[in-house]
Structure formats: C-alpha cells, structure tokens
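Okay, so here's the structure we're looking at.
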Amino acid sequence: MFCKVCIFCNPCTLWKPLLIFAIGMPLIFACMLPSGMACEKACKKGKLLALQLLCSLAVHGAVSGMQHLPLFYHSLHKLLTGEDRDLIYAILKHVEGPRFLSLLLPGHTLLLLDIVHASAILLTSLEANRNTPRAEVAALLGSLLCYPSTLIPRPVLQPSPQIFELMECPDLQDHILNIVLRCARREPSAKARCIALSQLGQWILLKLSHPLHTSSRSRGYFQQAIPHPPGVQPRDMHHNSQFNPRIREALQVLLQALQFKHRTIAIVAVDALKLCAERGRELASIERLPQLIITAICKALEIQQVANPKDSDKIVLTSLMLCLGEYCMSFPASLMLAPLNERGDTLVLLVLRVLMQIASGAPRHERVKLTADDDFDTHISSDDLQTDGKLPEANYQTSETIQACISAIKMCAKAIAMHLVTHLGHFPMGIGASRLSSMVEEQDDVAANGSLGGQSAGADARRDSVELPSVLHAQNMQLFMLSSGLVASFIELPALKLPGGGATAGLITAEKQVRVLLRDLNGKACWDASILYSEPRKCVKSMTNESTTSTHASGGSVAMERMSDSMHRSFNTTPQHRNMSQPMDSLISSMIGLDVLPPRHTLRHRPAGELPLAKDLAPDLDQLDDLLAYIGHTSPECLTNPLAQLNTPGPSPLGSSLEAQTISIILNQRALEQEYVSNLNQQALQSNANSAASLHHDQHSMHSVEQASHASFESYNTTSLTGRTEIPFQYCRLLFSHLGMAGWERRSRTHLLQRTEKLLRELRNVDQQRCRETHKMAVIYVASGQEDKSSILNNASGSSTYEMFVSALGWEIDLETHNGFLGGLPRQGCGATAPYYATPFLEVIYHVATRMPSDSPENLLLKTRHLGNDEVHIVWSEHYRDYRRDILPTEFCDVLIVVYPLKNGLFRVTVNRKPEVPWFGPLANESIVSGACLATLIRATAINASRAKRAAMSLFQQYYEERNRSLESVSSRYKESTTFEDFANRIYNPMPLRDTGAAAPLAAALIDHHRSSIKGWVQASIDSNTRDLMHTGLAPSASATTTAAMEAATNSSSSPRGARKLGAPFKSVNVPKKNALQTSSNTPPESPTLPLRRFK
C-alpha cells in the first residue's frame, strides 16, 4: 500500500515541496525547503529528522531504482553544497561513513566531490560534540584515500548548489590526502585522530605495495607475505622503483604521533607504523628514510619514559620497543651496520644504547623535549575514547604496582636487545621462520647407556631428558648458572661425522667436540666447538713429492726419503696413530718427521722515511717493524715517548731480569725439543747406514729403517698417551677456561646447578615456553543463504576468493611436522594443514573451520571447541545479510571481524568488539578495503585486537616475563653453593664417583667443631692410637677395638685434622709410652675456636 506524507511546519506560510515521492514502502518521505527565513529555525528539527529518515532508508536499501535515485542525489547535492552546516553534519552522520560507499548505488560516485567538500568543511571547524560526526567523516575519507585508482570516477558533480554540471577531478585523492594529513595533525577529537592515523598507515602500505608506473594486476589479487632468508630477494621485489614522494610526509606525521601523551592515540600510531614494517625492503630503498624512522622511535622512547609508570605507560613503551625491533629486523643488516658519521656510529648502536639505558634504569640527565613541529597539535579537546576504547588504568598506584611496571619495561628492553644481538641478519634461518630456539637437548648424540660413543638413534629413539639416568650421572656433562637468567650446559661428545667434514674440514682437530647449550630470554642456542691444533701442513706433501722425483746416489738419502714418507703416512693415514695423536701431546708428535723451520730474524731495515710496500717484501725484512718506524717518523704525534720509536719494545711490567729469565727458559725448552727430534731422526739413519753394501742389502736396510722409525714413533706415542687417563670433561674444561669463566673474578656470578630430576623437568618446562608473542584466531566461512550454526560448521570448503584470502593470511604448514606454535591444535584429528604466520617477534596460527573435518559428531564438537575458545573471530560472509554474533554463541569472541566481498572487487570490513576491549587499529568499524592489502590489514587488525584484549587483563604477563620467571626459578632453587676449591674440582670432574668428604682443612675443622661432639674427638684419638699400636706390632685393647667398630658403624664424617686428647670420664687404655717425636706428630694442636680450654 502506498501513501504520501508531506511534512509542513506552518500551513499558513508559503512552502514549496522540493521532493515528494513514493518509495514503495509504508512511508513516503518529503524533504521541504522554506521560502522564507522566518520559519527556518522553527522547522530545523523537522528537517533534521527528515534527513535522518531519508539517509536511513537509503542505507538499508529502500531507496533504489531510476525513479528515486535522481531525486535523492539532487537533494544530497543541494544540501551538501549549501551553507547550513547542521544539515551537512546530519547527512554525513546518517550515511554512516564508508557504509554509503559499500551500497554501490548506481551513480553514487557523482557525489564524491560533494562529500569531500562537505567533509573538509566539517574537519576544519572546531566543533567537537556528539552531533558532529568527525569520526565517521575521517573513516569515509580514509576509505576514499585507499580506493584503487581504477575505481575513482572521472566525471563528478561540481560542488556548487546552483550548478548541476559534471567536471573532471584527476587529483581527487591528492586533495583527500591533504585533508587526512591535516586531520592527523590537528584533529581535536581523539577517535577521529586515531582513524586518520590508521588510514595514513593503510595508504603508506598500499603505496609501498604498488610503486609508481606499476599496475596492480601484476601483483595478483591477494599478496602473501612470506619471510625470505637474508640476502634472498623476493620475486615481487621492485628493483629501482619509484615510490610516491609523499610517503615521507605521511611517515613523519606517524612518527610525530608517537610522542602523544594520550596513550590510546600513541598505541594506534605505533600500530599504524608497525603495519609498514612488513615493507622494510621498500622503505630501505627510499633515501635516509630508515635513519629517520629509527631515530624517531628512539626519541619517542625517551619522551614516553616516566619516573612512576602506570599500566598504560608500560603498554606504550613495550609497543614502541617491539615496533623498533620489527623495523631493525626488517631493514637489511648492511644498512643497520653502515656508519652514520665520522665516529662510526651505526643504527644498531643507537638502538642498543637506548634499549640498554631502559634496561638498566639509568636516569636521564636532561629533559627530553617534544620534537613535533608547530603544525602538529598534541592537545585533544574532545576525548571521546574515555568511555569507549580507553586503555586499562588502575584507580590508584602503590609501590608494588610501580615496581612491577618498571620491571616489565626493563625486561622487554633486555629481551629485544638480546634478540637483535642474536638474530639481526639471520632471520629466517635455514629451518624457516617457525623456530628461533634450538631443539637440541642434553641427551642428543649420546648413547642411551651414558657412554660417549655413538649418536642418537633418531627421533623415534629419543626419550625425555627426565627419564634418562645418563643425563643425571653423565661424566661428560655439567650444568652452570652463568647469571640469574642464563643457564649453560657443557657437554663433551665424540666428533660428529658430517658430510664433507663440516666446518672443520681439512683442519687438525680432536676426536671430541664440546657442545654448549645456552638458555636465556632469547630462547635456547646450541654451539658445537672443536679444538684446533694446527692448519693443514702442505709442505710435507710437496717435500715428499720433490724427493720422490729427484735422483739420490747414496743409500742414506734413499733411506731418508723412505723414512719421511713412512712417518708421513703413519701420522696422517693410520687410524690408530691418528686417534692417539689428537690429544694434548699432538704438538710434539706433529714435529716428528717434519722439518722444524729455523727462527726468522730481521737482518736489515729500510730507512725510516720509506713506506714498506708488498712488492718490496724480502725474507730478511720485517714489514710490521718497518711500518711502525715509518709511522713514528712521519707522524711524531703518535709516539707515546718522544725518545723511543714505535718499533722499540716497551719496558716489561715484570722487570728486565724476570723477562730475560722467562725468555731463556722458553729458548732452552725449544732447543731441547729440537735436539730430541733431530736425535731421533739421526739414530734411525745411523742404524742402517753401515749395512748398505749391495742393492739387496740396501733394500733390506731401507726396510729395517722404516720399521725402526715406525717403532720409535709408535713407542713414543704409546708411552706418552696410553699411560695417561683422559677425563671425559677435559675439552669442556678447556673451553670453559678459554671463555674466562673459571677465574676468581667470575666466581660471584658463576655457580653449579644441582643435577636432579626436578632440575631437568624445570629445564624441559623452560624449553617448552615460547620465545615470541603467540596468537590464535578463528577463520569461519559463511556461504550465501547460511544463517545457522550447523550449516556454517559443516562447510568443508569455500569459494575461490575465500581460499585465496586464507592462503594470503600466512603460509600453509603441515601439522604433523610443524615445530612452531600450534595454538592447541593436535597434530592429528583437526586436518592436515593450517595457515601460519611468523615474524621475528610473534607467531600466529589460524583455526580455519573449512580445514577441520566435520564428518562425525566428535569431530564437529572438537571443531566447535577450537573455534569457540578463540578470542578473535575472522568471518568471511558471502550472505546478503549481516553476520550476527549469536550465530556461534560463545563466551569468548571478544572481537569479531567480518569481511563482505563487494561486486566491484572491494571488500567491506566491520569490526565489532566488546566494551572492555580498548580501541585498536588499523581497521575501524565499516571500512572499505582493496584486495591488494586486505589480508595484511585483516591480520594486523586481528593481532592488535588480541593484544588489546590481553592488555585489558590485569594479571596477564608477556612471554619474556614468563620465561624470565622460569629461569629465575631454576637459578634460585637449584643453585649449588660451593667453595672455590669444590667448584674447580667439579669443573675437572663433573660427577665424582665417590665423595671423600675432603675439604679445606680450616673449613672442615670449623664445620666439624659445630656438628661433632666430644665423643667424636676422643673416638678419633682412640682410632689414631690403635693404628699406631698395630704399626708397632702390639695388639690393641678390647675397648679400642669396640670403639673402632662403633665408629665404623655410625659412619661419622672424617676430618682432615688429627684427633684431640681428652681426659675423664672415658676409660683409660694401656698404651706404652712413645718418644717425644711420636707424641708431637700424632697429637693435634689445640682448636682455634677454644683457645682457653685446658686438656689433661
């Protein structure tokens, strides 16, 4: 039924109905304009209500068809270009910003210039109240700013109320960019400022993804962000491309917004800036832009620091530091390590200075001033985020809450600094981006029985470290606490057989290697170290070849050739001798059969004013000595002493006499070694030189010489090596000493750990903790016509556009073999693959509903549990109606992100959050996004939504806080307090076979005095006298024998001190008198703790 409704304010006035039309619904709307000004104020309220109703009908699809749209567009054009700002504000408010663009009404692009003109009028005004739709206008302009250039219409209506003509506007988006930049600089509304900053981040991402003179079709519909190893250029990398010149201006606005004292705006600016970090390679190609970004973030960190931080301050500072870390990892390592000034400062050095200043809590000596320019206003007059989207803040502060915030900020700075030191230029590693921490454990490459030989039987034979008794009692392993947050495991293993020899190919190393496992905030790192004895000696082979090709006349020369060749083969090719010559005595054994090079001495010098060049090198010239003389002659200011040249040795700190004595000892030792080697070779030659009479005898003598030399070499190695007992931990002890950890100055920080099953269980718990931020999100597909839970969860696949979108969220991983974050997904039973995304500081796993089976009620229940427990839901809806939150009812789903594909290739995105979740970006509610950046923006919005939800939780701790707490628990519970002597003993022998109880004499005497009774001292005296009687051949008395038996039964602790004689009340023993020497040697001195006590 059709009806007409005309709205008149006063029947007696002359009014002209401007628009009266039937719209095919139970309501016909009329928008009137008065002919006189007398009734204009009286009917203003009616006009506003009429506009609200008209815009609501249009948004809900009631205004359609060629009969109604021209009249509707005519009315909007008249009002948007008019002078009544109240009517302009009403239209901009009730068309709901980007929602009007998503309707795709025929010819709606004709009004774009009118909308931009009206939006500029609103944003340039200072009116900031509830009736002013500043946030909706900012979102509308932001969506138009990121429109593809192919969808921007050429002909638009000229923004004049009296003219209905079309015009060309090729620079429409540049005009929109100017308005958005001004809104980001000077907008008085907090919510509109956040939206403008987020839209700038989206525009920068879009322009970096599509350089100038590059069509979007060449990049594909969706872009998949996969990290590439260092030095590998991605296929879609634009070489020598030119980017939009206004990217620098937009980035400067984002960098200035980092200094906002309004915490929510600062967080949104950080999120928008972090969005551009994915395009670090493109940003690095713009001149001096990386230096600008790093310097501005470091400056913002100094500005945001406060003496008594709150929870909101902690969130801002940690977000800034994570953003700084993301940019440092995204820029090329060569750029980060390039010098910036004459002092050699680099960007990495600047970043580490700021992070270490925060981690140490060092106070700033000067007040940091804001660096924002005069055009940037940091004042917010209308804070509309106080009731919607404010960061959590405690009602009051205590010393405990302040200290907790300070500790969290310091821990974040320390974790990021350690991450940069370890992974800068090394992400992703060869195994991919899913692992930053090593998967090697203490029992790897060690046989299950605890022996040193053999390797692990593979992944199937690996057992838990807690269940391996060999780890608890292994002689080749020791656990140390190097600091409160650093646990180290030193393990000595047989040298692994690597293809091609590994890093030690061609080098003379030991048959064993040292493995060091380090656990800290950054994860677990594994280092394999091998001792290097010497480089390969090629002179032996060349000498042997030359002697073989030359002709020798005497039998002694032939014998020498055979002997040297035999010794060369026995040293390099015989497995037995090769194994025996590897330990510490290899220095002497390597000299057998080799020519000892004569010492080199400088015979002549160049003039002091002549520069030593490589072409003038001679055996009797010392290049370094002449170079020092040249520097001292040409640059006298370099001389520390004007009377001494640089090549003159300085005075010895030990004194001339001690230095001369040391040099003499070393030279004598060298002479003895050379004499020994020469005598050994000479004896082998002389034993066969007299028997060379004939060719047969000559051959026989050569054979005997070879056997004699071989036997002498074998006997030397046997006597020097087989008689020595090798300690399984000797190479670990050597590395431990070389690293400077065995010294007394490191004793206060280095401790042993008690090797128990509880400790290994704690270490396993530490290894299971993540070293990066982790998030899990649900992805749900809604087909056309689906509005119930059962049909949505039974979807086994989606449309091609949906599958492309899911693949662009990350990359597919195999659940059975994936070694990264799984988000609770089992390796079997919830599908074979899942999308996964990782950066150097976070991991994201997507629970995709179409990847999970739903062929049985059990699988359907499991799918519902996984999806329902996620805090962020991403819904792809192809239904014509809006998706409702109650379709999949759950207590979670704090943030709901819905994507609606549009017919023009764009996408409408709605973001619905619960009231307790703070504001986040980069996508706001009702946004229009192009497909080129859709997956990136959805992923960034979902990650920020998860972070915002966690920030609202009062007791939530970041990953580095949890890991630090576990490491501190290990350090405090299992630290073994030992003396320096015991500590050094445990380094040489990690697990003694038996504890003798021997300690330092004074320490043991003091301990025994406190824990032993007088009876114990008398008992020791009786036992001592009993041993003396048995030594003289006399039988001890019955009481002495009984006492000795009692002492052995009680197993009392032995003391290094002798026994002390006491008198009554003990029964005396008939012992013959000894001489004075025997009595004085067996009677201990009086205890230093009881100097005044008398004994009988």
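Just so you know, all these numbers are worked out from the coordinates, no wet-lab data involved. As the structure is a computational prediction, the values presented were derived from the model and not from experiment. With ideal geometry, Cβ positions are generated from the backbone for all residues, glycine too; neighbour counts draw on all protein chains shown.
With the cut-off at 1.5 for a/c, could you classify the range 863-929 from its C-alpha gyration tensor as rounded, prolate or oblate?
Values: a/c = 2.32, a/b = 1.34, b/c = 1.73.
Oblate shape, in that a/c is at least 1.5 and b/c is the bigger or equal ratio.
Defining a contact as two alpha carbons under 8 Å apart and six or more residues distant in sequence, what relative contact order in percent does the range 771-956 show?
Details: 339 pairs, mean separation 41.5, N = 186.
Relative contact order comes out at 22 percent.
Please list the non-local residues whose amide H lies under 5 Å from the amide H of His847, H modeled 1.01 Å from N, same-chain partners needing a gap of 5 or more.
Met777, Ala778, Val779
Below 9 angstrom from the Cβ of Gln754, what's the summed charge of the other residues (Lys, Arg +1; Asp, Glu -1)? Spell out each step's value before the answer.
Working: positive: Arg755, Lys758, Arg973, Lys975; negative: Glu976.
After counting each charged neighbour, the total is +3.
Return Tyr676, Tyr883 ranked ascending by Cβ neighbour count within 10 Å, so the fewest neighbours appear first.
Working: Tyr676 14, Tyr883 22.
Going from least to most buried by this count: Tyr676, Tyr883.
Could you tell me how far the Cα centroid of the range 858-910 sits from the Cα centroid of the range 161-184, in Å?
Answer, in whole Å: 36.
Arrange the peptides 141-148, 862-869, 895-902, 497-504 so that the one whose residues have, on average, the most other Cβ atoms within 10 Å appears first.
Working: 141-148: 23.0, 862-869: 17.6, 895-902: 20.2, 497-504: 10.6.
The densest-packed peptide leads the list: 141-148, 895-902, 862-869, 497-504.
Rounded to whole Hz and in sequence order, give me ³J(HN,Hα) for the range 265-274 from the Karplus expression 6.51 cos²θ - 1.76 cosθ + 1.60, θ = phi - 60°, writing x for Gly and Pro.
Taking θ as phi minus 60°, the curve returns 5, 5, 5, 5, 5, 5, 5, 5, 6, 5 Hz for the range 265-274.
Between the alpha-carbon centers of the range 274-293 and the range 803-852, tell me the distance in whole angstrom.
Rounded to whole Å, the Cα centres lie 29 Å apart.
Return the subset of Lys299/Lys410; Lys299/Lys414; Lys410/Lys914; Lys261/Lys299 for which the Cα-Cα distance in this structure is over 23 Å, preserving the input order. Before the final figure, lay out the partial values.
Numbers: Lys299/Lys410 17 Å; Lys299/Lys414 18 Å; Lys410/Lys914 31 Å; Lys261/Lys299 14 Å.
From the list (Lys299/Lys410; Lys299/Lys414; Lys410/Lys914; Lys261/Lys299), the Cα-Cα distance tops 23 Å for Lys410/Lys914.
Mind running the shape call on the range 771-956? Use the C-alpha gyration tensor, a ≥ b ≥ c as the square roots of the eigenvalues: rounded below 1.5 for a/c, prolate if a/b tops b/c, oblate otherwise.
Working: a/c = 1.26, a/b = 1.02, b/c = 1.23.
Note, shape of the range 771-956 comes out rounded.
Suppose we keep just the DSSP beta bridges with both residues in the range 771-956; what percent of those would be antiparallel, to 5? Display every interim value, and only then the final one.
Details: 18 of 35 bridges.
In the range 771-956, approximately 50 percent of DSSP beta bridges are antiparallel ones.
How would you classify the range 736-866 from its alpha-carbon gyration tensor, with a ≥ b ≥ c the square roots of the eigenvalues: rounded for a/c under 1.5, else prolate if a/b is greater than b/c, otherwise oblate?
prolate
Leu639's amide H: which non-local residues (gap 5+, or another chain) put their own amide H closer than 5 Å, with H modeled 1.01 Å from N in plane and none for Pro or chain starts?
Amide H neighbours of Leu639, under 5 Å, 5+ apart: none.
Using the structure shown, select from Lys47/Lys903; Lys524/Lys949; Lys758/Lys863 the pairs with a Cα to Cα distance greater than 31 angstrom.
Among Lys47/Lys903; Lys524/Lys949; Lys758/Lys863, the Cα-Cα distance tops 31 Å for Lys47/Lys903; Lys758/Lys863.
How many angstrom separate the Cα center of the range 764-802 from the Cα center of the range 69-94?
For the range 764-802 versus the range 69-94, the Cα centre distance is 43 Å.
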